Each structure stands twice: as C-alpha cells, then as structure tokens.
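Asks: Quick one: this structure, given as structure tokens, is what I'll be asking you about.
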Amino acid sequence: VQLQASGGGSVQPGGSLRLSCAASGTIFSINAMGWYRQGPGKQRELVATITGGGSTNYADSVKGRFTISRDNAKNTVYLQLNSLKPEDTAVYYCNLRDLSSLVVYWGQGTLVTVSS
C-alpha cells in the first residue's frame, strides 16, 4: 500500500487549506484512515481519523476547525483545515490502518506553515 499526500502550503493565521491523501495498492475494505502531525520540536500527534463507515475522531485542539472526510471509491482521505493558527504549523502525515491485520501504512509528510 502506498499513500501520497498533497495540499500543504503556507497560509496566514485564519486561513484555510485542504490536504488530500490517496492510497493505492492492495487495500482491504476494513480500514481506517487518518492524519497525524509533527510540529517543530514536538512528537507526532493524532489530528483526526475516519473509518470506512464514516465514524470520525478528532484531537481536542482541532475540533470545530478541521474536518476529515474520505472517498471510499477513490481510497482517498481529505483534511479540511480552517481557522488555522500558528500552532498548527507542522508536517502532516496520512496513514491507513488495516483493521484486520493491524498493519499501519504511512504516507510522506506534507508541510503546513501558518505565519503572518
């Protein structure tokens, strides 16, 4: 399984971005996809996850500002980032967790920079 993330960039505080992550290869239907991030000098942390059935989970720090969604037909997960803050600056990584085998696949990161 390969994951290709895109959509990062530089925005001013209060701005928006949309990240995408497309999965390819042999993908079993029972899986969850998600986004994590790693800020400067910080550990990687959960941002949001979504199951194939659409159940979502968010970190408290992004609730109400970020929205995760997925297109199962395209094996793609999205992250809409609104009301961005400087503390959202990080490399954002997508992943896919096979819920049968518990194997986790990671994509390459995409950098989000929030600065005035």
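Asks: With contacts defined as alpha carbon pairs under 8 Å and 6 or more residues apart, what's the relative contact order of the range 1-100 in percent?
Replies: Relative contact order for the range 1-100 comes out at 36 percent.
Asks: Using a simple charge model, +1 on the beta-carbon of Lys and Arg, -1 on the beta-carbon of Asp and Glu, nothing else, what dipole does the chain show about its Cα centre, in debye to the nearest 20?
Replies: Dipole size: approximately 80 debye.
Asks: Which order do the peptides 11-23, 54-66 come out in when sorted by mean C-beta neighbours inside 10 angstrom, highest first?
Replies: My ranking of the peptides, most packed first, is 11-23, 54-66.
Asks: Compute the signed sum of charges (Lys and Arg +1, Asp and Glu -1) over the other residues within less than 12 Å, Cβ to Cβ, of W106.
Replies: Neighbour charge sum, excluding W106 itself: +2.
Asks: By the scheme Lys and Arg +1, Asp and Glu -1, what is the net charge of all other residues having a beta-carbon under 13 Å from that of G39?
Replies: Net charge in that neighbourhood comes out at +1.
Asks: Here's a follow-up. Between beta-carbons, use under 13 Å as the cut-off and find the net charge around L81, counting Lys and Arg +1, Asp and Glu -1.
Replies: Combined, the nearby Lys, Arg, Asp and Glu give +3.
Asks: At 1.4 Å probe size, with every protein chain present, just tell me what the per residue accessible area of the chain comes to in Å².
Replies: 51
Asks: While we're here: May I ask you to derive the relative contact order of the range 13-61, considering only C-alpha pairs under 8 Å and at least 6 residues apart, and to give it as an integer percent?
Replies: Result for the range 13-61 is 26 percent.
Asks: When the chain is fully extended, how far beyond the present Cα-Cα distance does N57 get from S24, taking 0.36 nm per residue of separation?
Replies: Working it through step by step, the gained length comes to 9.5 nm.
Asks: Along Cα→Cβ, 7 Å out, is where each label goes; now give me the distance between the ones at N82 and S100 in nm to one decimal.
Replies: Result for the modelled spin labels: 3.7 nm.
The values are calculated or read from the model by the stated rules, or taken from the named source; none is laboratory data. Since the structure is predicted, the reported quantities are computational estimates derived from the model, not experimental observations. Neighbour counts are summed over all protein chains in view; Cβ atoms, including those assigned to glycine, are modelled from backbone coordinates with ideal geometry. Ligands, DNA and RNA are excluded from the accessible area calculation, which covers all protein heavy atoms including side chains. Shrake-Rupley method; radii C 1.70, N 1.55, O 1.52, S 1.80 Å.
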